Amino acid sequence: MTDVLRRLRYWIQSAKRSEALREEMELHLAEKAAELQADGMTAERARSEARRRFGNVGLKHEESREIWVTRFWSELGQDVRYGCRTMTANKAFSALAVLSLALGIGANTAIYSFMESILLRSLPVADPESLVVLNWHSRPPWDGSKEWVHVIRGVQGILWPGDKGAMVSGMFPYGAFETLREGNPVFSTLFGYFNGHNRNLAVRGQATSASSEYVTGDYFRGLEVLPAAGRLINSEDDRPGAAAVAVISFATSQNRFGGPANAIGQSILVDNIPFTVIGVTPPEFFGVDPAMAPDLYLPLHTNVLVDGTGAARMYGDGNFYWIEMMGRLRPGVSMAQAQAALAPHFHQWVATTARTDGERANLPALMLNPGAEGLGSLRRQYSKPLYVLLAMVGLILAITCANIANLLLARAAARRREMAVRLSLGAGRFRVVRQLLTESVMLASLGGAFGVLFAIWGVRSLTLLLSNGRENFTLHAELNWRVLGVTAALSVVCGLLFGLAPAIQSTRPDVMPALKNGRGGGPRRRAQLVLVVAQIAVSFLLLVAAGLFVRTLNKLHSVQLGYARENILLFSLNARQAGHRDPEMATFYANLRKRFESIPGVSSATLSQSSIISAGMAGGAYRGTMKIGAVTGVTIVGAGVMAAGPRFLTTMQIPILAGREIDERDQPGSPSVAVISERLARTYFGNENPLGRRVTFVDEKRDLEIVGVSANVRYGGLKEGSPMTVFTAASQFPPDRVTYALRVAGDPLTYVRSVHEVVREADSRIPVTNVFTQAAEIDRTISREITFSKLCTGFAVLALLIACVGLYGTVSYSVAQQVGEIGIRMALGAQRGAVVWMVLHRVLLLAAVGLAISVPAALSASQLVKSFLFETQPNDPGTLALAGVVLLSAAILAGYAPARRASRIDPLAALRHE
Amino acid sequence: MGRKAHKNDSLPGSLDMLILRTLSLRDLHGYGIVQFIQQSSDNELLVEEGSLYPALQRLELNGWIDGVWGVTSNNRRARIYKITAAGRKQLAVETRQYAKLTLAIARVMGAG
């Protein structure tokens, strides 16, 4: 211990000790000289002899100092001080370098923090590693004749495609849950949940829309979550007939009650059903799906209260798949063991639900997946786009480093004498290289530090872009220690990367010519050219990417919707959740429509089961088989059904080609009517008049008379929609939830307040949700394409700018080098134009080489983003050609100024300068 | 940081041992130590005087000798070193090791 203290003391006092040591050595020399003098030498000779015998005083002093100051750290200190001096001596260069590095490193940090939050963060519960999600897989449910042959007769949720077209899902019938739960040897807990979607949550008369999740009794116990207040749902609460209790999220408790403590014991209305709040979840808990954070947790069996007694059927139906499950493995049990133990159990049970041999041949097989990161929907949605973005910003950082390397190489020429002097004085080459690298790493670290600031802004804007107005976007990227660590590492790597080549170049051991003159060429020049070509190649890649995404966006924008985009306000209401029931509900909606129409500035109002663009997702008014004429007629394939209110076509500005649109005549009592789109009419009726003909909804045994033909309307999204639509009357196919569309004069958003007032007057228990202008609603569905388009264009422009700066620098430098040669040429009679061409020709050559390298790379890389494109081929020749032209023009522009300068060289002055 | 590695001696590390031995007999300053070693070895061991100082720093850092400013016998200002208890122990260790080494070399030279 005293040893360590002594060393510490010596290190702290090193300056004083150094002085004392010097004095000691001087005294030694003096004593030796005195002795030699006494022996008969002259004072002069004695001193020099004493010195000679001593050895290299400076070196010995250094060696002695090294004993108490670790060499590495003292040299590092020196390098850092020297680096600071160099940086302040070249303020402009340093500032530019730091700025460009800040942008590059900042962008990388921002995107990495998103990736980290999606791909690497685990659920905020105890021991997430022991959680497993239960899934099953089977072969596709269609047999040869495209009929559905599978045990699943009904499903409430998502089936997603697995490998090789197999069907994968996380939903199970309730019977499976009960069977697997009993006496389970491998799970310490098995719990279930299912998405309750948005509900009307009324607290003390105030109603808003809240997302909900139904959970089984062991859900919170299995996740080992502790309440922030009150208690959480347990098995006692999840029995048929138990008291209706609810758990709310921390955010909800703050927004609606003013704090978790205030919420306990309060009564709330969920879809007009009374519940009591018994607990609040902790602030960082968001359930098991990172994509969605429920505001409300309800015991599973209460769905009978909320969704009506019809929901009780779900529990007994072994072919209805709706509940999702997760389990916690017992200590010592691996996921593979658990799967091996449970799969036969599940197989046995599911075989009892099969009714035909066909179904028995294709039974679902149990599969366990790790649950630590929660359900994978968020990851599935965002991981690929994020990887693409990361690749792009990575490339931008690379070319920024290339630029700085180039500039350092050019500056190395100026410092050649300095390096040569240091090398000749005995500094090791490694030492000098280390010092130059320290400079570069310092530059990069400064860039990294500023980059963090830039990253904060970047994360905020990216969150805005990606969430695109959605209310409960759960992706929270944060700059935590892991991310900052990555930033620091990135800075150091960059510094080493762009500093290495110039450092090695500067310290080549051919010292003599440098001392004499200071001209150099050869390998340094080659390195510069390689870097510039690489920058051009990368810029081309990014230009192609940007071009492809912009083209995709244009194609999307040019998709014919068939209805108006501007001046329409959309919003949704769900009266059923506030307690309304048929047939009064339909009347309520109809009356509201008339009230909206009377708002000043509203030229017409209408309603429908959903906005047209979201129609596919919300589920059509009718999804079963449709036939022309009687049940024996031709089946209509590929059409969407939309329940629409009066004046729908007028409000949406869809032309009526024949007959009439749905209007007030069509009431629940009157004959069912339908309006079809032109494409449907042409496909199934040819040139005959479809008016008066009938359409049959087989599954509902309803018969509709065609009373009108509309122009073609795209039902559903821009990418997936279908051009064939059937409009039914909302009064005859009453939806629970409606979307109103108001045609207004001026900015639609200015009418939102009036809308709220009208709704509040009519029924204050109903919240107004999903308020958007039609234009915003359409853009929302292509938000990813819009984001990508904007970002890539920005990246491409940035990359091109950096490459051009690099090109400009290199060309200027080479022109400066060749002043003599150009002077001679001009003296020998070369015209100005010829000189310009000489320079530009070299520039074009560089660009051409860059393109040659880049085109094959672009062709293969663009295949990776194929899934993001729409009606655009990854190797679209138009885009490639345009990118090439842009690049060449930019290159010529970058090279033009130096070329002009070259042509203005006065040959006499140039030759004299030699 | 200030441990073994050494340059200027035929037998590595023996300069340390010689210094410790010298100081175990009497307190001396740097120049005095050089004089003592050269005289005692009949001028066989010629120590490069400069090399002494790194060695002294190392010995001081390890706590085996202690240096204070003072005045020498011929009235010169100098830093005078004396051996510490730990230093005496280290001297014993190094003497033993050195003896082992010379014995081994002698055996090899005498063998065959």
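Considering only residues that are in a strand (DSSP E or B), touching a residue at least 60 places away in the same chain (Cβ under 8 Å) and among the small types (Gly, Ala, Ser), which ones fall in region A:612-666?
Listed by number, the residues that qualify are A:GLY640, A:ALA643, A:ALA644.
Looking at (1) in contact with a Phe, Trp or Tyr (Cβ under 9 Å, 6 or more places away or on another chain); (2) modelled with pLDDT under 90; (3) open to solvent by 50 Å² or more (accessible area, probe 1.4 Å), which is the only condition A:THR356 fails?
Exception for A:THR356: condition (1).
If only one of A:ALA827, A:ALA816 is over 38 Å from the mean Cα position of the chain (by Cα), in contact (Cβ under 8 Å) with a residue 24 or more places away in the chain and open to solvent by 40 Å² or more (accessible area, probe 1.4 Å), which one is it? Don't jump to the end; show me each part of the working.
Details: A:ALA816 fails: in contact (Cβ under 8 Å) with a residue 24 or more places away in the chain.
Going through A:ALA827, A:ALA816 in turn, just one is over 38 Å from the mean Cα position of the chain (by Cα), in contact (Cβ under 8 Å) with a residue 24 or more places away in the chain and open to solvent by 40 Å² or more (accessible area, probe 1.4 Å): A:ALA827.
For region B:101-111, which positions are over 17 Å from B:LEU18 (Cβ atoms), part of a helix (DSSP H, G or I) and open to solvent by 50 Å² or more (accessible area, probe 1.4 Å)?
Result: B:LEU103, B:ILE105, B:ALA106, B:ARG107, B:VAL108, B:MET109, B:GLY110.
Only one residue in A:LEU548, A:LEU553, A:LEU542, A:LEU531 is open to solvent by 20 Å² or more (accessible area, probe 1.4 Å), in contact (Cβ under 8 Å) with a residue 24 or more places away in the chain, farther than 30 Å from A:SER608 by Cβ and of a type in the set (A, V, I, L, M). Which one?
Result: A:LEU531 is the single residue among A:LEU548, A:LEU553, A:LEU542, A:LEU531 that is open to solvent by 20 Å² or more (accessible area, probe 1.4 Å), in contact (Cβ under 8 Å) with a residue 24 or more places away in the chain, farther than 30 Å from A:SER608 by Cβ and of a type in the set (A, V, I, L, M).
Is it the case that region A:683-695 has a residue that's within 30 Å of A:THR781 (Cα to Cα) and either open to solvent by 40 Å² or more (accessible area, probe 1.4 Å) or modelled with pLDDT under 90 (or both)?
Checked region A:683-695: at least one residue is within 30 Å of A:THR781 (Cα to Cα) and either open to solvent by 40 Å² or more (accessible area, probe 1.4 Å) or modelled with pLDDT under 90 (or both).
Which condition number does A:ARG9 fail, the rest of (1) over 29 Å from B:ALA86 (Cβ atoms); (2) more than 9 Å from chain B (Cβ to nearest Cβ) being met?
So A:ARG9 meets the others, but not (1).
Return a yes/no flag: does region A:214-231 have any residue that is within 24 Å of A:ILE766 (Cα to Cα), open to solvent by 20 Å² or more (accessible area, probe 1.4 Å) and small (Gly, Ala, Ser). Working first, answer last.
Just the residues of region A:214-231 that are within 24 Å of A:ILE766 (Cα to Cα), to begin with: A:214.
The next check asks that each one be open to solvent by 20 Å² or more (accessible area, probe 1.4 Å); those that pass are none.
Scanning region A:214-231, I find no residue that is within 24 Å of A:ILE766 (Cα to Cα), open to solvent by 20 Å² or more (accessible area, probe 1.4 Å) and small (Gly, Ala, Ser), so the answer is no.
Can you name the residue in region B:36-65 that is outside any loop (DSSP other than H, G, I, E, B) and surrounded by fewer than 16 Cβ atoms within 10 Å (Cβ to Cβ) and is also farthest from the other protein chains (Cβ to nearest Cβ) among such residues? So that I can check it myself, show each step before the final result.
So in region B:36-65, the residues outside any loop (DSSP other than H, G, I, E, B) come out as B:36-40, B:49-61, B:65.
Right, trim to surrounded by fewer than 16 Cβ atoms within 10 Å (Cβ to Cβ) and you get B:38-40.
Numbers: B:GLN38: 11, B:GLN39: 13, B:SER40: 17 Å.
Filtering region B:36-65 for residues that are outside any loop (DSSP other than H, G, I, E, B) and surrounded by fewer than 16 Cβ atoms within 10 Å (Cβ to Cβ), the one farthest from the other protein chains (Cβ to nearest Cβ) comes out as B:SER40.
Return the residues of region A:557-586 that are in a loop (DSSP other than H, G, I, E, B), among the acidic types (Asp, Glu) and open to solvent by 80 Å² or more (accessible area, probe 1.4 Å); say none if nothing qualifies.
The answer is A:GLU566, and nothing else.
On the given criteria, is A:ALA857 closer than 30 Å to A:THR552 by Cβ and open to solvent by less than 10 Å² (accessible area, probe 1.4 Å)? Working first, answer last.
Values: closer than 30 Å to A:THR552 by Cβ: yes; open to solvent by less than 10 Å² (accessible area, probe 1.4 Å): no.
Here the answer is no, as A:ALA857 does not meet what is asked.
Going through region A:30-83 one residue at a time, which ones are more than 8 Å from chain B (Cβ to nearest Cβ) and either touching a Phe, Trp or Tyr at 6+ places or on another chain (Cβ under 6 Å) or not in a helix (DSSP H, G or I) (or both)?
Listed by number, the residues that qualify are A:ASP39, A:GLY40, A:MET41, A:THR42, A:VAL69.
Does region A:34-46 include one or more residues that are crowded, with 17+ Cβ neighbours inside 10 Å, of a type in the set (A, V, I, L, M, F, W, C) and within 60 Å of the chain's Cα centre (by Cα)?
No, that holds for no residue.
Give the residues of region A:232-244 that are aliphatic (A, V, I, L, M), closer than 15 Å to A:ASN303 by Cβ and buried (at least 17 other Cβ atoms within 10 Å of the Cβ), sorted by residue number.
Within region A:232-244, A:ILE233, A:ALA244 meet the criteria.
Run down A:GLU19, A:GLU23 and say which single residue is facing chain B (nearest Cβ under 9 Å), without any contact (Cβ under 8 Å) to a residue 60 or more places away in the chain and of a type in the set (D, E, K, R).
Details: A:GLU19 fails: facing chain B (nearest Cβ under 9 Å).
Only one candidate qualifies: A:GLU23.
Would you confirm whether any residue within region A:364-375 is out of contact with any strand residue (DSSP E or B) (no Cβ under 8 Å at 6 or more places or on another chain) and either within 30 Å of A:PRO185 (Cβ to Cβ) or β-branched (Val, Ile, Thr) (or both)?
The initial filter retains those residues of region A:364-375 that are out of contact with any strand residue (DSSP E or B) (no Cβ under 8 Å at 6 or more places or on another chain), namely A:373-374.
From the residues that got through so far, the ones that are either within 30 Å of A:PRO185 (Cβ to Cβ) or β-branched (Val, Ile, Thr) (or both) too are A:373-374.
Within region A:364-375, one or more residues are out of contact with any strand residue (DSSP E or B) (no Cβ under 8 Å at 6 or more places or on another chain) and either within 30 Å of A:PRO185 (Cβ to Cβ) or β-branched (Val, Ile, Thr) (or both).
For region B:66-83, enumerate the residues that are open to solvent by less than 90 Å² (accessible area, probe 1.4 Å), of a type in the set (Gly, Ala, Ser) and either more than 10 Å from every other protein chain (Cβ to nearest Cβ) or touching a Ser or Thr at 6+ places or on another chain (Cβ under 9 Å) (or both).
Hits for region B:66-83 are B:GLY70, B:ALA78.
Modelled with pLDDT of 85 or more, surrounded by fewer than 18 Cβ atoms within 10 Å (Cβ to Cβ) and within 11 Å of chain A (Cβ to nearest Cβ), is that true of B:ALA86?
Answer is yes for this residue.
Any residue at all in region A:690-702 that is of a type in the set (Phe, Trp, Tyr), closer than 21 Å to A:ALA630 by Cβ and either part of a strand (DSSP E or B) or touching a Gly at 6+ places or on another chain (Cβ under 6 Å) (or both)?
Yes - at least one qualifying residue is present in region A:690-702.
Just checking, which of A:SER731, A:SER783, A:SER764, A:SER754 is of a type outside the set (A, V, I, L, M, F, W, C) and modelled with pLDDT under 85?
That would be A:SER783, the only listed residue that is of a type outside the set (A, V, I, L, M, F, W, C) and modelled with pLDDT under 85.
Evaluate the following for A:ALA176: is it in contact (Cβ under 8 Å) with a residue 60 or more places away in the chain, assigned to a helix (DSSP H, G or I) and closer than 21 Å to A:LEU368 by Cα?
Numbers: in contact (Cβ under 8 Å) with a residue 60 or more places away in the chain: yes; assigned to a helix (DSSP H, G or I): yes; closer than 21 Å to A:LEU368 by Cα: yes.
In short, yes.
Between a residue in region A:433-457 that is without any contact (Cβ under 8 Å) to a residue 60 or more places away in the chain and any residue that is in a helix (DSSP H, G or I) and open to solvent by less than 30 Å² (accessible area, probe 1.4 Å), which pairs come within a Cβ distance under 6 Å, given they are 6 or more apart or on different chains?
Taking only residues 6 or more apart or on different chains, the pairs are A:VAL441/A:GLY495; A:SER445/A:SER491.
So for region A:791-801 (the condition being surrounded by 21 or more Cβ atoms within 10 Å (Cβ to Cβ), among the small types (Gly, Ala, Ser) and at pLDDT 85 or above), does at least one residue qualify?
yes
The values are calculated or read from the model by the stated rules, or taken from the named source; none is laboratory data. Quantities reported herein were computed from a predicted structural model and do not represent experimental measurements. No Cβ is skipped: glycine too gets one built from the backbone with ideal geometry, and neighbour counts run over all protein chains shown. Accessible surface areas use protein heavy atoms only, side chains included; no ligands, DNA or RNA. Shrake-Rupley method; radii C 1.70, N 1.55, O 1.52, S 1.80 Å.
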